[in-house]
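Comments concern the structure below.
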Amino acid sequence: MIKTIYQFGEQLQKIGPMKRYFQAYGSAYSDRSENEQVIVVDIKKGELENISLQTYRKTWNDKYLFRELASARSTSILPTLHFYNLPIGNNPKTSAKNRKDLDNSIDKFLDKLNRCLQSEPKVYNTFFNTSLLVEQLRPIFEDFVIEKCSEKKNYLFTLKIDDCWLGEIEEMRRILDVAAYDKYFRSKGQDYKAANKICAVTYKPVAEVWGRVDTLGFTVNDLPFSRNGFEPKNSYKMFPVSPDAVKILEGTQRALEDSLSFGFQNLKFFVLPRFIAVDDLHLREEIVEAFVQNKKNNQTGTTGQINSIFNSEDIFNRIIEEEKLSQNSIYYDIFFYEQKQAQFSIKIHLSDVLPSRFNLILKQKEIIETYYEPITKVTTKKGEVYQFSLTLFEIKKFLAEPFFFQIMEAIFYKNPIKSNQVLSAFMQIIVSAFKNQQEEAYKFPQTVKRTFAIYQYFQSLELFGKMDETEKKPLNLVAEDFVEQHSNFFQNKPLSEAAFFLGSATEILLNAQEGHLKSRPFTHKLNNLSIGYREMMEIMPKLLAKTDEYHKADKLYGEYERFIQLAAKFDKAFAKGSEKSCNKVETSYAFSLGLIIQREFFLERKKERSALKKLRESNQ
């Protein structure tokens, strides 16, 4: 895992726009930030001469020498830090409160500045009197901010000393270099390093190794190590890392966090190439450069979702399309993490995924999305169409953690999973939506349709085992044809088939009830969709009796003959099963599916009849 990050970083540090991440200083703002400003205090011959507001220049990071603080309470090592401005505004009702808030913000900032200057008093006092500077700045800073700083945001604050930026002063750069990496080998007066050892990252002998490298979220001075009698001075024995390797890891971490990561739910993730059989360092650099460029060109929105796996990233599609990135000698690692101060807290690591697997995942995604698009899309009353994308972002809505992460691994590794476990997870969501139809009527049918598309996607990736390939005809909503088209779902499962036909027949009655009563009272007979062998036996007689009642009252909208056909299909399939062979999860899901497919059939027929009517009227 850490070797992958290191190898990527080795090449990343050579790429122009990425070099800044491998400096001890950082960038005060992200690449996406625009129109940022810098408060500059000029000091000449030890005296405060001027304070001005200048435009922030992204190419001047080596002059500003900004370094991100580990936490809000940390002390900056250099007087280049953020000041959060809170404008007073012109509203008399809020001006007093806003003035107080601004005063508090200024006090906190000046306290941080003072602590910063006192952290290296010997150095700073050679240029100016540190205590006097803060006192001189206090009365004029507020007036300056009120007059010049109009936006509610973080302004960058820095010093210029005798016309030199901090980055142009050797003593300041030395402070930064020492402090930036001190944490990796020194703490509380103890050194965590050793001489002439083997680096655990490069596997090469080096003059020095450090023992407090916590890039991936642990160090040997953590409490579990101490409890087991592990001495901090011997920490290098657990994970000895050379200073050069540390700098590459830290720079890569910053680059990934700022420019190369994606968001996914409450986590972030990044994808890295892993060089299995690429020894040519020049070729490695070309591959990393192509990878970085493709990340910058990432599409978002609907277009991105078409080519994405997780949400709206299309890096996987670009890996497939870019020849340099899709070589069989390159594998890919996917890291899911939480950012904890300066550490990556890795939650999931998917390693050694081939580009060919990405290709299959995206190919099947497109096939399934297109095939089920007629029933999974949502069309508003205004005619706006919202497509359903088979991204993991959408899939996670129907599968809770930790099972979802097992599914994710299965997708990338083709690990077998139990279809019953998937359907059981789906049924929890479906039953909840079924019970809540009075508040959100759309949610129940939408959930059934979309979970079925997800199930078919999993099946197409052979997560449930080998699948027989069949030629797909256009999706047919007639119950018998639908069953035939989905033989992989119903094959050798007569009770699932029976439940589906029972659901379809039930929808005929429910549709009639809704038309006459504006409600569906027979849903109370459906045992909250917990439909097993005995439930089917109990529902069918009640359904026959109620449907006959509606037929005699001529309230079935001419669907009685169709109802009898579906009832006969139910009887035939039900006779092939037994209570012992019944899988209640499968039959419950199949029954729910039957309800919704029959409902979709009615809606589609209604649209066709409406269109035909308009056509006739226009021809008259």
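The values are calculated or read from the model by the stated rules, or taken from the named source; none is laboratory data. Because the structure is predicted, anything quoted here is derived from the model rather than measured. Ideal geometry is used to build each Cβ from the backbone, glycine not excepted, and the neighbour counts take in all protein chains shown. With ligands, DNA and RNA removed, areas are computed over all heavy atoms of the protein, side chains included. Shrake-Rupley method; radii C 1.70, N 1.55, O 1.52, S 1.80 Å.
The figures follow:
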| read-out | value |
| --- | --- |
| Global form of segment 73-139, assessed from the alpha-carbon gyration tensor, a/c cut-off 1.5 | prolate |
| Nearest 10 degrees, 0 to 90: helix 560-574 Cα axis against the chain principal axis | 80 |
| Full-stretch length increase - residue 619, residue 555 - with 0.36 nm per residue and alpha-carbon distance subtracted | 19.8 nm |
| Whether segment 473-619 is rounded, prolate or oblate, judged on the alpha carbon gyration tensor where a/c under 1.5 counts as rounded | oblate |
| Where segment 1-104 is the region considered: accessible area per residue in Å², 1.4 Å probe | 52 |
| Gained length - residue 47 relative to residue 475, 0.36 nm times residue gap less alpha-carbon distance | 146.1 nm |
| Simple label model, 7 Å out from Cα along Cβ direction - residue 198 to residue 168, nm | 4.9 |
| Helix 584-619 vs. the chain, principal-axis angle (Cα, 0 to 90°, nearest 10) | 80 |
| Estimated inter-spin distance, residue 146 and residue 439, nm [label 7 Å along Cα→Cβ] | 5.1 |
| Which label in [x] 1.00; [y] 1.04; [z] 1.11 gives the computed Rg/Rh (Cα atoms, Kirkwood Rh) | [z] |
| Per-residue ³J(HN,Hα) for segment 478-488, Karplus 6.51 cos²θ - 1.76 cosθ + 1.60, θ = phi - 60°, Hz, x for Gly and Pro | 6, 3, 4, 5, 4, 4, 5, 5, 10, 4, 5 |
| Trypsin sites (Lys or Arg not before Pro) within segment 319-410, DSSP loop, no more than 15 other Cβ atoms inside 10 Å | 377, 381, 382, 397 |
| From phi via Karplus (6.51, -1.76, 1.60), per-residue ³J(HN,Hα) for segment 346-362 in Hz, x at Gly/Pro | 6, 9, 9, 10, 9, 10, 6, 8, 7, x, 5, 6, 4, 4, 5, 4, 6 |
| Sequence-distant residues sharing a close amide H with residue 160 (under 5 Å, placed H) | 41, 42, 43 |
| Members of 58/153; 108/153; 396/418; 435/552 lying beyond 20 Å, as alpha-carbon distances in this model show | 435/552 |
| Computed lengthening from residue 3 to residue 530, 0.36 nm per intervening residue step minus Cα-Cα distance | 184.7 nm |
| Highest average packing first - 171-183, 240-252, 74-86, Cβ atoms within 10 Å | 240-252, 74-86, 171-183 |
| Positive-end residue, the chain charge dipole about Cα centroid, Cβ charges, pick of 265, 597, 328 | 597 |
| Between helix 443-460 and the chain: long-axis angle, C-alpha atoms, 0 to 90°, nearest 10 | 80 |
| Spatial separation of Cα centroids for segment 513-565 and segment 254-272, in angstrom | 52 |
| Gyration tensor verdict on segment 355-467 (Cα atoms; rounded if a/c is under 1.5, prolate if a/b is larger than b/c, oblate otherwise) | oblate |
| Solvent-accessible ranking of 547, 94, 59, largest area first, probe 1.4 Å | 59, 94, 547 |
| Long-range amide H partners of residue 66 with built H, under 5 Å | 26 |
| Karplus-derived 3J(HN,Hα), 6.51/-1.76/1.60, for each residue of segment 384-394, Hz, glycine and proline x | 6, 10, 10, 7, 9, 9, 7, 9, 5, 4, 6 |
| At R0 = 25 Å, FRET efficiency that the Cβ-Cβ distance of residue 115 and residue 33 yields, to 0.05 | 0.45 |
| Qualifying chymotrypsin sites (Phe, Trp or Tyr not before Pro) in segment 430-486, DSSP loop, other Cβ atoms within 10 Å at most 12 | 442 |
| Residue-normalised accessible area of segment 473-619, expressed per residue, 1.4 Å probe, Å² | 53 |
| Relative packing of 104-114, 514-524, 146-156, 608-618, which averages over residues the other C-beta atoms within 10 Å, highest first | 104-114, 146-156, 514-524, 608-618 |
